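Below is one structure, written out as structure tokens, with a few remarks after it.
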Amino acid sequence: MTSIFPRRQILQAGLAGAASIALPALAQSSFPSRPIKLICPWPAGGSTDAVMRVIGESAARILNNTVIIENKGGASGMLGPNELVSAKPDGYTLSQLTIGVLRLPHMQKMQFDPMVDFTYVACLTGYTFGIVVRADSPIKSIKDLVAYAKAKPGEFTFGSTGNGTTPHLAVEEFAMKAGIKLQHVPFKGNADGMQALLGGHVMSHSDATGWGPHVEAGTCRLLATYGSKRTKRWPNIPTLNELGYDTVSDSPFGIGAPKGMEPAVTRKLHDAFKATLEDPKVLASFEKYDQSVIYMNTEEYTKFARENFLKEKKLIEQLGLSRQS
């Protein structure tokens, strides 16, 4: 059967089709036309805040626009991802995404589904984690820590950047392998956690290398790091893995946006943040906090999220921390 449309309808349909084809190009050419908010879901003054500010400054130069860093510390780094759920998918609200977005939904009810609610723009780098004590602590090694914890179960305290974060769970995994029980004290971020350690309110602190300046200044002692190999910066410090505790925690992080973003806008943001990885100032900030470039494009980062969401579920189940539904 043949359908006959009036000429006006045909013209209108053609114009609509042309407009829809032109939309991505238009979005890409006009974006960004106003400041972009990049949420750092940790307090100001910590190592992540320092790195995110340098990345934001670099991206602003590349995009020829303003990138405003907004600190939202607390909730184990989830306040930024939470905001993405209700933000418009226009590219003007972004957040750091840590491995916690793939882990915490297995531990507690969250405002988001990490498999549905985010656009994984690009992965950029990752943390080096370790556990430190004050320089005047009688605990001089992991062996001392284990001996103390076995003699006084539950009395050895360690701070971290929040429940369910890698600095928390790496120590819980180590404690499980060592057959000891420790007392966890969560903080909003590195800055307040280190203040608590230096003030004698906790016996140790587990975190990314925001503790580095204190180790180098001689006010803190680094007992172990959690990576698959020793760090360049502290080559004499063993990893938990080589000490026989079968604990390896690497934690890539990147930039996330709300779901449903225009592909052209996603691509422009991806290209800008990828380009920051060639900025000497960004690389210097990575070096300062013993971070390496861990680049994944949008497709690779999305695949990484899917695969690690399942891996994190297994770890949480092993540690007996799964949420009760």
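Of the residues T298, T239, the single one that is touching a helix residue (DSSP H, G or I) at 6+ places or on another chain (Cβ under 6 Å) and either outside the structural domain of L79 (by TED's automatic domain parsing) or under 19 Å from I99 (Cα atoms) (or both) is T298. Is it fair to say G80 is among the small types (G, A, S), within 30 Å of Q195 (Cα to Cα) and either part of a loop (DSSP other than H, G, I, E, B) or without any contact (Cβ under 8 Å) to a residue 40 or more places away in the chain (or both)? Answer is no for this residue. The condition of being under 17 Å from the mean Cα position of the chain (by Cα) and either small (G, A, S) or part of a loop (DSSP other than H, G, I, E, B) (or both) holds for only one of G256, G260, that being G256.
If the condition is being over 14 Å from the mean Cα position of the chain (by Cα) and either free of Cβ contacts under 8 Å to residues at least 40 places away in the same chain or assigned to a helix (DSSP H, G or I) (or both), then the stretch 32-52 contributes only S33. Taking (1) surrounded by fewer than 20 Cβ atoms within 10 Å (Cβ to Cβ); (2) closer than 30 Å to L222 by Cα; (3) in the same structural domain as A264 (by TED's automatic domain parsing) in turn, Q96 satisfies each apart from (1).
Restricting attention to strands (runs of 3 or more DSSP E) lying wholly within the stretch 180-247, give those where 2 or more residues are of a type in the set (S, T, N, Q).
Output list reads 204-208.
Of all residue pairs spaced 6 or more apart or on separate chains, none has beta-carbon atoms under 7 Å together with a first member in the stretch 219-231 that is among the aromatic types (F, W, Y) and a second member that is assigned to a strand (DSSP E or B) and surrounded by fewer than 16 Cβ atoms within 10 Å (Cβ to Cβ). Filtering K314, K268 for residues that are surrounded by fewer than 17 Cβ atoms within 10 Å (Cβ to Cβ) and either among the acidic types (D, E) or more than 16 Å from the chain's Cα centre (by Cα) (or both) leaves a single hit, K314. State whether the residues of the stretch 60-67 include one that is among the hydrophobic types (A, V, I, L, M, F, W, C), surrounded by fewer than 24 Cβ atoms within 10 Å (Cβ to Cβ), in contact with a Gly (Cβ under 7 Å, 6 or more places away or on another chain) and at pLDDT 95 or above. There is at least one residue in the stretch 60-67 that is among the hydrophobic types (A, V, I, L, M, F, W, C), surrounded by fewer than 24 Cβ atoms within 10 Å (Cβ to Cβ), in contact with a Gly (Cβ under 7 Å, 6 or more places away or on another chain) and at pLDDT 95 or above.
Could you look through the stretch 109-164, keep only residues that are of a type in the set (G, A, S) and either in a loop (DSSP other than H, G, I, E, B) or loosely packed, with under 14 Cβ neighbours inside 10 Å (or both), and pick out the one that is farthest from the chain's Cα centre (by Cα)?
A151
Of all the listed residues (E216, E278, E262, E242), the sole one being closer than 30 Å to T93 by Cβ, surrounded by fewer than 23 Cβ atoms within 10 Å (Cβ to Cβ), out of contact with any Asp or Glu (no Cβ under 7 Å at 6 or more places or on another chain) and without any contact (Cβ under 8 Å) to a residue 40 or more places away in the chain is E278.
When residues in the stretch 49-94 are screened for being among the hydroxyl-bearing types (S, T, Y) and farther than 20 Å from L269 by Cα, 1 of them pass. Quick test of your reading of the structure: G227 fulfils all but one of (1) modelled with pLDDT under 95; (2) of a type outside the set (S, T, N, Q); (3) surrounded by fewer than 20 Cβ atoms within 10 Å (Cβ to Cβ). Name the failing condition by number. Here G227 meets the rest and fails (3). Residue-level check: of (1) over 29 Å from L222 (Cβ atoms); (2) in a helix (DSSP H, G or I), R323 misses just (2).
The values are calculated or read from the model by the stated rules, or taken from the named source; none is laboratory data. Remember, predicted model here, so these are calculated numbers, not experimental data. Quick reminder, even Gly has a Cβ in these numbers, built from the backbone with ideal geometry, and neighbours come from all protein chains shown.
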